[in-house]
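See structure below.
All of the numbers you see were taken from the coordinates with simple rules; none came from a lab. Small disclaimer: the values here were computed from a predicted structure and weren't measured. Positions of Cβ are generated from backbone atoms using ideal geometry, with glycine treated the same way; all protein chains shown enter the neighbour counts.
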Amino acid sequence: MDGLCASRRDLNNLMSATVPISSPATVSYTLSELMVAAAAREIRDGELVFVGMRLPLIAFVVAKKTHAPHAIGLFENGVIRSTPAAELIYTMADPPNILGATQCLDMLGVMSLLQSGRVHLGFLGAAEVDRFGNLNSTEVRGTKGLVRLPGSGGACDIASLAQRFVVLLEHSRERLPERVGYITSPGNGEGTGWRQRAGLPRGGPSAVITTKAVLRFGETGEAYLASVHPGIEVDEVLAATGWKLNSGENIGVTPEPTAEELQAIREYDKDGFWTS
Amino acid sequence: MSKDLSMREAIADLVPDGASVALGLQMEQMIPFAAGHEIIRQKRRGLTLIGPISDILFDQIIQAGCVERVIAAWVGNVMMGSAYNFRRAVEKDGLKVTNLTNFSVALALQAAAMGVPFLPTRTALGSDIARDNPFFVEFASPFSGERLHAVKALVPDVAIAHVQRADRDGNAHCWGNFGVMIEAVRAAKRVIVVAEEIVEAEVIASDPNRTVIPGFLVSAVVECPMGAHPSPVQGYYKRDDAFFRQYHEQTKSKQDSDAWRQRWVQGVNGRDDYVNQLGACRVADLAVKQHAYAAATEFGY
């Protein structure tokens, strides 16, 4: 149970335990780098993106430097950026994220852009994600009692109000239960039509990028296995998922990071704090 | 009456036992650590802490036993993950937490700032955050019938804001990200401004667009250089990332946390002493290395 509340740094250590992955093309990369590249590809050019921190922040940098040069990043502290910060940041309020910002004002301003439907995509982390893409980052009640997590931050707002959201997390049965015990951030609730009935204006989960695979969501609002990461077997993913994960015939392999993407990641996270 | 107080006087006068205190309002930037540490040294009890994403200052004030309730969107160590004392307090000691979201914290403060009982929003519909939460009520729009959340107004007894510079009346210049500071200052019954520098009134008046806190809302102004360390103050010092990392390592147990508090809070006699303990090398390392000034702004006519 303690793994649920491990710091992100611990999670990164865990991820790096499985690296390096070697591809036939002899390009070596870490699992975090693969996840960052996959996250970057979720960003379309010209989109307004609630960036968040950690791996998604680097995904934004990669997208800007590769296929989405016109994407704009929003941060809930009030920062809006058309260019990534000049150096690695650990929080959205670090001075390099302020210098050269497109705008630097307040939270109500960026949250207004979100609520009015202008924000295309938001990235989220979570302790748990369930079958319908609901997220828990508040608390887990298990056999060892209560585990208190930090809470929503802006995650519930992004999940409620963005046109779509993408989740990144470690893949394990603990982290992907059939139903989360607490819905911090609403996904598709109990399935199709749930968000509309709840009064949510739009949105919902579009992808869950884990340490083993990428899940997407079908018309029923339920997650399905879209691709497995290179070297990962489908059975391994199914066994590490807390419900009977739908998997069709056409399960792809998550594309490896390109040399260009890897260069963008490594130029930014020079010491590999987030991506080693 | 002069508002120009020492930190000790400001906390003694304006943060009584049982007060609700909004702080950490600019999120990870300009967190009023010096003010929070003085609250700990003065052994306040029964406080309610209010904030959006709240970095390790909440953890420290909770650890010191000052807090009865937290009304916040997030409590932890932003760079590292969980904050151990907050966890222990909730899991073992029954600390009361009212879970909000960043947006709903902003809306609750903005409602209070505007003098209305609530503000409508579409956020958190269908979430468990809104369930059994006194800050959320679902209602139908009187115009369209759409389902909405009313977020209840939240009036802090005192808001503490850290800024770059202020004059002696509390008119304050701040730049960087504001988070929920502007609405919190308007919402609170009393406001403490902690400034890196007290400057002449003419300096503040020269750029009224940067005056995000008007002095007439301010009860106390405290000059406190390095008062936000280890969080950053744009144009003054950068974030001390190592300090946040070390805090994470050094507060895993209650005993270790007590030792941390003794070393950095109880065992220092105010912020000057704290800065001495940090050491000249560390302070110099955090200072601005490459200046970046905004263009001069013509207010003439």
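Put simply, the amide H of residue A:153, placed in the peptide plane, has neighbours under 5 Å in B:74, B:102, leaving out anything fewer than 5 places away on its chain. Annotation: the residues A:232, A:251, sorted from fewest to most other C-beta atoms within 10 Å of their own C-beta, follow the order A:251, A:232. For the range A:93-247, the calculated P(r) over all alpha carbon pairs, in 10 Å bins from 0 to the bin holding the longest distance, is 11, 38, 32, 16, 3 percent. Please report the net charge: other residues with Cβ closer than 11 Å to the Cβ of residue A:243, K and R +1, D and E -1. Within the 11 Å Cβ shell, the charges total +1.
Normalised by 2.2 N^0.38 Å, where N is the number of residues, the C-alpha radius of gyration of the protein assembly as shown stands at 0.94.
Report note on the peptides A:139-150, B:270-281: ranked by the mean count of other C-beta atoms within 10 Å, highest first, their order is A:139-150, B:270-281. Peptides A:91-100, B:243-252 ranked from most to least packed give A:91-100, B:243-252, packing being the mean of other C-beta atoms within 10 angstrom over each peptide's residues.
Shielding of peptide A:199-208 by partners, expressed as the average count of other chain Cβ atoms within 10 Å per residue Cβ, is 2. Loop-located GluC sites (Glu not before Pro) in the range A:211-276 (DSSP state other than H, G, I, E, B) with a sparse environment of at most 12 neighbouring Cβ atoms within 10 Å: A:219, A:233, A:249. Within the shell of other residues whose beta carbon sits under 12 angstrom from the beta carbon of residue A:73, the net charge comes to 0, with Lys and Arg scored +1 and Asp and Glu -1.
Which FRET efficiency value, to the nearest 0.05, is calculated for residue A:178 and residue B:289 with the Förster distance at 51 angstrom and r the Cβ-Cβ distance? The pair residue A:178/residue B:289 has a calculated efficiency of 0.50.
Across the range B:223-252, the residues whose backbone nitrogen lies under 18 Å from the label position 7 Å along the beta-carbon direction of residue B:281 are B:240-244, B:246.
Shown in residue order for the range A:52-60 are the 3J(HN,Hα) couplings computed by the Karplus curve 6.51 cos²θ - 1.76 cosθ + 1.60 at θ = phi - 60°: x, 10, 6, 4, x, 4, 6, 4, 4 Hz (x for Gly and Pro).
Between residue B:210 and residue B:92, the FRET efficiency from the beta-carbon distance, with R0 = 45 Å, is close to 0.50. Centre-to-centre separation between the Cα atoms of the range B:214-247 and those of the range B:36-106: 18 Å.
A dipole drawn for the range A:2-268 from +1 and -1 charges on Cβ atoms has a positive end, and of A:167, A:200, A:253 the residue lying farthest that way is A:200. Taking θ as phi - 60° and the Karplus parameters 6.51, -1.76 and 1.60, the scalar couplings of the range B:12-17 work out to 4, 7, 10, 10, x, 3 Hz in sequence order, x denoting glycine and proline. For a straight C-alpha distance cut-off of 14 angstrom, the aspartates and glutamates reachable from residue B:92 (same-chain residues fewer than eight places away being disregarded) are A:139, B:68. Here the dipole of the range A:169-227 is about 120 debye; that uses its Cα centre as origin and unit charges on the Cβ of Lys and Arg (positive) and Asp and Glu (negative). Using only alpha carbons, the range A:2-268 has a radius of gyration to Kirkwood radius ratio (Rg to Rh) of 0.94.
The H on the amide N of residue A:213, modeled in the peptide plane, is under 5 Å from the matching H of A:229, each at least 5 residues off or on a different chain.
Normalised Debye scattering of the range B:1-120 at q = 0.14, 0.19, 0.23 Å⁻¹ gives log10 I(q)/I(0) of -0.60, -1.06, -1.37, counting only Cα atoms as equal scatterers and leaving out solvent. Taking label points 7 Å from Cα along the Cα-to-Cβ direction, residue A:233 and residue B:263 give a separation of 4.8 nm. Between the amide H of residue A:135 and those of A:184, A:185, A:187, distances stay under 5 Å, these residues lying 5 or more places away or on another chain, with hydrogens modeled in the peptide plane. Normalised by the residues of chain A, what does the relative contact order come to in percent, with Cα pairs under 8 Å and at least six apart? The normalised contact order for chain A reaches 19 percent.
The calculated FRET efficiency for the pair residue A:44 and residue B:13, based on their C-beta separation and a Förster distance of 45 Å, comes to about 0.25.
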